[in-house]
Amino acid sequence: MSSYSLANLFRHGLGGHKGWKPAWRDPEPKAEYDAIIVGGGGHGLASAYYLAKNHGFTNIAVLEKGWIGGGNTGRNTTIVRSNYLLDANAKFYEHGMKLWEGLSQDLNFNVMFSQRGVLNLAHSKGQLETFRRRGNAMRLNGVDAELLNRDDVAAFCPELDISKTARFPVEGGLLQRRGGTARHDAVAWGYARAADRRGVDIIQNCEVTGIRRDQRGVAGLETSRGYIACRRVGLAVAGHSSQLAAMADVRLPIESHVLQAMVSEPVKPCLDTVITFGAAHLYVSQSDKGELVMGGDIDGYNSYAQRGNLAIIEHVAACLVALFPQFSRLRILRTWGGIMDMTMDGSPIIGTTPVPGLFLNGGWCYGGFKATPASGWVFAHTMATGQPHALNADLNLDRFHTGRVLDERGAGPYPWLH
Amino acid sequence: MFLIPCPHCGPRAESEFSYGGDAKGSRPAVPEESNDETWIEYLYLRDNPKGGHEELWQHVHGCRRWLRVSRDVVSHAVNGCRDVAEGGS
């Protein structure tokens, strides 16, 4: 399969662009694989890619019940950042940020990574002080962070209403300039194409219906396209991790909740960064098509319905108008929902399970997209060696048994942190 | 938005209620006699079923009673609601 380059674009142009081949194959499942990843979203495809690239696996499959990138990979608000407080999270997400910075070249696929900055707004002196602490913690971990005062915020994002009469006047903010956005579908497609070029079988419309085990651990998977033998299985099915794990009698500290996102009608460029609202919950950026992309809280009760409640949409829109009064006449074009694995401490789970040969990548709460490259990197390592990578050693499932939970928000030892 | 048929106030919008999570499992009655596994089970582990779910809601903008609601978490159909004081599991 030819690589994407200016020379090839020119060459195919001479042929009327009729010579392009599909970006990945559509293979039949084999009887046996060395490693199978369940879930063809960004995380699953990235894991397969790094298993092939970093660990030399050649006989890998990704099983996807629908089409690749059709779950939460295609439903998020595309924000990439690594502004975490705790060491374990900061190091993991910063590794991801470094992978993002070279991802388009590595995959030979333009993921449209745009480091337009992520600015978290503070609306009180106390909040600004907690941001100062977070920023200092980030800098100690080698992550870029800048504390902005009110005038800096006004200069960085003139569109914001920073007047003293705003509903929640802005005191300042914490800026990560290397943060930004990426094209979410391109991330799935780029990893799929790159993995396929290294021989990974991407099998769509193939639903896992059972996990067969023997004395040694996992033996294979029952699927809608027949039984497939495999002794090394990774689950990357966030939203439905509990269902897949239950097939191997593993119970998880996870609840499934719906998170909504929405876009406005497209307008000319008017917002060149990512803004998060510190007084209530809103994150907003502008897509390359011109839509304002935004989201807020989960609806707040267990749900497997990929649709949500109007109350949250109204809340998100109200937050937007509080920050940007000039957007009040924009219309909401589209809203949708995705199902989140909400863990009990608000941090993800990547690692081994009590079943030998079964690995779990899930519990992304609603921060999974930015983690895609790092998640694939460490999950591939964990699956290949049977041991966690240094970067995901603390993100293990066992932490709920040992008490070493990762309470990023600093809300204390409370099990229901979402 | 779905309606929760409060046994005291009648059918009311879900926005009047506050969610209390999975109703299965109760806090160990005598904490000092409980072991780690029981605590982990109570604090962290969830069945998280895709379908019928037994859950707690408090009618914070109504009678303020805690209610036990049977809801389908895919269709949001509510198939039963009673006061937790009525007992049963």
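So, B:Lys50, is that one within 12 Å of chain A (Cβ to nearest Cβ) and at pLDDT below 95 or not? No: the conditions fail for B:Lys50. Take region B:26-58 and flag every residue that is on the phi > 0 side of the Ramachandran plot and surrounded by 15 or more Cβ atoms within 10 Å (Cβ to Cβ). Within region B:26-58, B:Asn48 is the sole residue that qualifies. For region A:211-250, name all the residues that are under 23 Å from the mean Cα position of the chain (by Cα), within 14 Å of chain B (Cβ to nearest Cβ), at negative phi and assigned to a loop (DSSP other than H, G, I, E, B). Of everything in region A:211-250, those that are under 23 Å from the mean Cα position of the chain (by Cα), within 14 Å of chain B (Cβ to nearest Cβ), at negative phi and assigned to a loop (DSSP other than H, G, I, E, B) turn out to be A:Val237, A:Ala238, A:His240. Within region A:389-418, residues that are part of a loop (DSSP other than H, G, I, E, B) have Cβ atoms under 6 Å from residues that are modelled with pLDDT of 95 or more and surrounded by 15 or more Cβ atoms within 10 Å (Cβ to Cβ) in these pairs: A:His389/A:Val378; A:His389/A:His381; A:Asn396/A:Gly351; A:Leu397/A:Ile349; A:Leu397/A:Gly351, counting only partners at least 6 apart in sequence or on another chain.
The rows are residues; the columns are (1) over 22 Å from the mean Cα position of the chain (by Cα); (2) crowded, with 23+ Cβ neighbours inside 10 Å; (3) of a type outside the set (A, V, I, L, M, F, W, C); (4) over 28 Å from A:Thr73 (Cα atoms).
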{"residue": "A:Arg150", "(1), (2), (3), (4)": "yes, no, yes, yes"}
{"residue": "A:Leu160", "(1), (2), (3), (4)": "yes, no, no, yes"}
{"residue": "A:Lys164", "(1), (2), (3), (4)": "yes, no, yes, yes"}
{"residue": "A:Gly172", "(1), (2), (3), (4)": "yes, yes, yes, yes"}
{"residue": "A:Leu175", "(1), (2), (3), (4)": "no, yes, no, no"}
{"residue": "A:Gly179", "(1), (2), (3), (4)": "no, yes, yes, no"}
{"residue": "A:Arg198", "(1), (2), (3), (4)": "yes, no, yes, no"}
{"residue": "A:Gln204", "(1), (2), (3), (4)": "no, no, yes, no"}
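Kindly provide the set of residues from region A:280-304 that are more than 10 Å from chain B (Cβ to nearest Cβ), at negative phi and not in a strand (DSSP E or B), ordered by number.
Narrowing region A:280-304 to residues more than 10 Å from chain B (Cβ to nearest Cβ): A:280-298.
Subset that is at negative phi: A:280-289, A:291-298.
If the condition is that a residue be more than 10 Å from chain B (Cβ to nearest Cβ), at negative phi and not in a strand (DSSP E or B), then A:Ala280, A:His281, A:Ser287, A:Asp288, A:Lys289, A:Glu291 are the ones that fit.
Filtering region A:6-27 to residues that are assigned to a loop (DSSP other than H, G, I, E, B) and free of Cβ contacts under 8 Å to residues at least 24 places away in the same chain leaves A:Gly15, A:Gly16, A:His17, A:Lys18, A:Gly19, A:Trp20, A:Lys21, A:Pro22.
When restricted to residues that are in a helix (DSSP H, G or I) and within 12 Å of chain A (Cβ to nearest Cβ), region B:1-37 contains 5. Take the conditions (1) farther than 30 Å from A:Ala154 by Cα; (2) of a type in the set (A, V, I, L, M); (3) more than 14 Å from chain B (Cβ to nearest Cβ); A:Ala311 misses just one of them, which is (3).
The values are calculated or read from the model by the stated rules, or taken from the named source; none is laboratory data. Bear in mind the structure is a predicted one, so any value in this text is a computation, not a measurement. Cβ sites come from the backbone with ideal geometry, for glycine too, and all protein chains shown count toward neighbours.
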